[in-house]
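Where a number appears in this text, it was derived from the coordinates with a stated rule and is not lab data. On a predicted model such as this, the values are computed, not experimentally measured, just so you know. Cβ: placed from backbone, ideal geometry, glycine included. Neighbour counts: every protein chain shown.
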Amino acid sequence: MSVYPSAQFLFSAAAAAQFPADSGAEVAIAGRSNAGKSSAINAITARHALARTSKMPGRTRLLNFFQLSPGRRLIDLPGYGFAEGPPAERDRWARLIDALAERECLRGLLLVVDARRGLLAGDRQLLAWAEAMERPVHVLLSKSDQLKRAEARTLLARSEAQLEGRGSVQLFSARAGVGLEEARGTIDAWLRTAD
């Protein structure tokens with residue numbers, strides 16, 4: 001049974017004018033292409049195919065809005081890093097994300113990072129973006145089940161040091177169920193701020 005029984009895909013937005021009303025509470029989910037954002041959404045909501053997953057990088061090209069319960073939403077942002085789209089399309093994505101930053105209902109940013117690669121330049125740019133927005137950040141080190149236990153502990157400590165207090169971080173695996181409750185707890189705490 002889903003921990004969010006009424007979770008549903010709402011719509012994809014290609015322009016800020018298509019965003020839902022700026023009310024309630026939202027959590028944005030970002031990460032490099034193929035870091036595991038869609039898998040994280042599916043695992044956190046305990047819904048097998050709420051978000052579409054793909055082995056092809058750069059599949060998410062719009063902002064996808066999911067409603068967890070009335071007035072509580074997740075937003076799946078386009079992945080970054082592979083940038084297969086033409087420059088005009090990448091500029092449109094940047095404008096969408098800038099418009100998202102202006103929303104009062106945006107409560108935090110969940111940053112999905114492939115544990116096998118750690119925090120990279122694009123991730124650090126997104127951290128700076130979130131810091132400028134004055135929104136909290138929680139990093140999911142995804143696919144952590146593919147690391148040995150000692151490697152995972154070292155990565156977690158290194159990531160905490162790299163964050164320099166700009167956010168929290170945890171080990172996560174959608175496939176193995178690692179860190180699901182911690183991730184849900186963070187999301188729920190942010191979404192409750194709308195009460």
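Which Cα, out of Gln170, Ala101, Ala28, lies furthest along the positive dipole direction of the chain (beta carbon charges, K/R +1, D/E -1)?
Of the listed residues, the answer is Gln170.
For segment 8-192, just the Cα atoms, rotate onto the principal axes and tell me the three extents in Å, largest first.
The principal-axis extents, from largest down, are 47, 36, 31 Å.
Which value at 222 nm does the chain reach when only helices count, each DSSP H run of 4 or more adding -39,500 (n - 2.57), with the total divided by all residues and rounded to the nearest 500 deg cm²/dmol?
My calculation for the chain gives -10500 deg cm²/dmol from helical runs alone.
Using 0.36 nm times the number of residues separating Ala16 and Glu134, minus their current alpha carbon distance, what extension gain do you get?
Gain in length upon complete extension: 40.5 nm.
Quick one: of the DSSP bridges fully inside the chain, what percent are antiparallel, nearest 5?
Values: 11 of 33 bridges.
So the antiparallel bridges amount to about 35 percent of the total.
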